[in-house]
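Okay, structure first, notes after.
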């Protein structure tokens, strides 16, 4: 898109991430952060990881199945850029994973998974509060050119806008409360993943389309996404979602 149009979209995305109602859904916010990053930055995928109340880094959102699997495998093997940046208040410039590359040397167990997924490079920026880092926005390139430094600055602006929602609405006064809110988002994710699976299996649609149906319905009726997802997962979804054969 023309530069001026892209700049306008970036400004709108930043405003969207920072302007939330007092009862905003933390997982919905992370999904929007992922979506804006995937659409507006020079990447082919995006996802978020957050630190739970036990101090463990966990997968939260992903733009597609490939990104989800890359996030989850890092959690499983205990190694990778998503885990490292989620615990460190530092930006990770794009790093490659071919044999002999800096990424392969830094995370040797994760590198084969990255190569198998077609990763040319992975970058990340921290999800941070005024106290510490509580997660990361992870960015995937599967082709050249890789994400430029200017886009990493935009990515950090997106994450700062999103994290600012917590303090802006006085929902949290400490790091522990931020983590508690994000822990709630992780619990919501379980129900949403189950509901996506129900829709995908019954109607033979991709998982991202299933999620779009869920969120579109919830937003149009001012419902909590987790509440709708729980109903769908238990087979009690609204008729408008065509859950009945």
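Read-outs: derived from the displayed coordinates by stated rules, not from any lab. It should be emphasised that the depicted structure is a prediction, and the values quoted were computed from it without experimental measurement. Neighbour counts run over all protein chains shown; Cβ positions are idealised from the backbone, glycine included.
Against the chain, whose longest principal axis comes from its Cα atoms, helix 3-18 is set at around 60 degrees.
Quick one: among 96, 135, 216, which has the greatest mean-square fluctuation in a GNM of the chain with alpha-carbon springs under 10 angstrom? With Cα springs under 10 Å in the chain, the top fluctuation among 96, 135, 216 is at 216. Each of 217, 113, 59 was scored by other Cβ atoms within 10 Å of its Cβ. Arranged with the fewest first, they read 217, 113, 59.
The slack in the chain from residue 144 to residue 75, taken as 0.36 nm per residue of separation less the alpha-carbon distance, amounts to 22.2 nm. Note on residue 88 and residue 240: the extension gain reaches 50.3 nm, defined as 0.36 nm multiplied by sequence separation minus the Cα-Cα distance. Each label point was placed 7 Å from the Cα along the Cα-to-Cβ direction; for residue 116 and residue 4 their separation is 4.8 nm.
Helical content of the chain, expressed as a calculated mean residue ellipticity at 222 nm, amounts to -17500 deg cm²/dmol (DSSP H runs of 4 or more residues, -39,500 (n - 2.57) each, divided by residue number, nearest 500). Using the Cβ-Cβ distance between residue 221 and residue 39 with R0 = 25 Å, the FRET efficiency computed as 1/(1 + (r/R0)^6) comes to roughly 0.50. What angle do you read, to the nearest 10 degrees and between 0 and 90, between the alpha-carbon axis of helix 65-77 and the longest principal axis of the chain? Compared with the principal axis, the helix lies near 70 degrees. For the range 187-236, the calculated P(r), taken from all Cα-Cα distances in 5 Å bins from zero up to the bin holding the longest distance, is 5, 26, 34, 27, 8, 1 percent. To the nearest ten degrees, helix 207-220 and the longest principal axis of the Cα atoms of the chain are 50 degrees apart. Computed over the chain with a Gaussian network model linking Cα atoms closer than 10 Å, the most mobile of 22, 104, 124 is 22.
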